[in-house]
Amino acid sequence: MENDSRRKFLGVCLAGATVAAAAAAGYPVIRYLAPKSGKVGTDKLVFATSDIPDGEAKFFEYAGTSAVLVKTNAGALLALSAVCTHMGCIVQWEKDKQDFLCPCHAGHYSPEGEVLSGPPPKPLAKIPFTVADGKITVG
Ligand code: FES
């Protein structure tokens, strides 16, 4: 009888520890893949043009979600939503391939945000910006 109680107690402890470990391991993954939520402001953001060399991308928070400025190897500058149009994961810039990869289902987008392959149904949303006096103003 005492062994049954001890076995049940250890079982409950083990189950609790397993749930806690799964939550601790899964939370950062979910936070990384999910777009930010919260305030949806339209504040303007200013970056120096020198912040984004040719062929590079700079990710930032804009209007409560993830966005990216990208300058192609040819020097074209674009501001896009970084939220995949398939299921909302955050895309990554592949500098060597000069495209965006969505890590969730391998969707690929061009630097202009057009869908190249995979399940995304629409291009990445464009964000308005202006360039003047060595500054990029987003929004
Ligand atoms: S969420 Fe991006 S390809 Fe599925």
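FYI, it's all coordinate maths here, none of it is from the lab. As the structure is a computational prediction, the values presented were derived from the model and not from experiment. Note that each Cβ is placed from the backbone with ideal geometry, even for glycine, and that neighbours are counted across all protein chains shown.
Taking the criterion of being surrounded by fewer than 18 Cβ atoms within 10 Å (Cβ to Cβ), within 16 Å of the ligand (Cβ to nearest atom) and basic (Lys, Arg), would at least one residue in the range 48-68 satisfy it? Scanning the range 48-68, I find no residue that is surrounded by fewer than 18 Cβ atoms within 10 Å (Cβ to Cβ), within 16 Å of the ligand (Cβ to nearest atom) and basic (Lys, Arg), so the answer is no. Figure legend. Inter-residue proximity from the range 59-88: first residues on the phi > 0 side of the Ramachandran plot, second residues assigned to a strand (DSSP E or B), beta-carbon distance below 7 Å, spacing 6+ or different chains. No pairs are indicated. Within the range 80-132, if we keep just the residues that are in contact with a helix residue (DSSP H, G or I) (Cβ under 9 Å, 6 or more places away or on another chain) and not hydrophobic (A, V, I, L, M, F, W, C), the residue that is farthest from the ligand (Cβ to nearest atom) turns out to be Pro103.
Taken over the range 93-104, the criterion of being surrounded by fewer than 16 Cβ atoms within 10 Å (Cβ to Cβ) and closer than 13 Å to Ala57 by Cα is satisfied by Glu94, Lys95, Asp96, Lys97, Gln98.
From the list Thr130, Thr137, pick out the single residue that is in a strand (DSSP E or B), exposed (fewer than 14 other Cβ atoms within 10 Å of the Cβ) and on the phi < 0 side of the Ramachandran plot.
Details: Thr137 fails: exposed (fewer than 14 other Cβ atoms within 10 Å of the Cβ).
Result: Thr130 is the single residue among Thr130, Thr137 that is in a strand (DSSP E or B), exposed (fewer than 14 other Cβ atoms within 10 Å of the Cβ) and on the phi < 0 side of the Ramachandran plot.
Within the range 105-126, how many residues are surrounded by 17 or more Cβ atoms within 10 Å (Cβ to Cβ), aliphatic (A, V, I, L, M) and in a loop (DSSP other than H, G, I, E, B)?
Taking the range 105-126 as the starting set, the residues that turn out to be surrounded by 17 or more Cβ atoms within 10 Å (Cβ to Cβ) are 107-109, 111, 113, 115, 120, 124.
Next, from what is left, pick out any that are aliphatic (A, V, I, L, M): 115, 124.
From what's left, in a loop (DSSP other than H, G, I, E, B): 124.
Count: 1.
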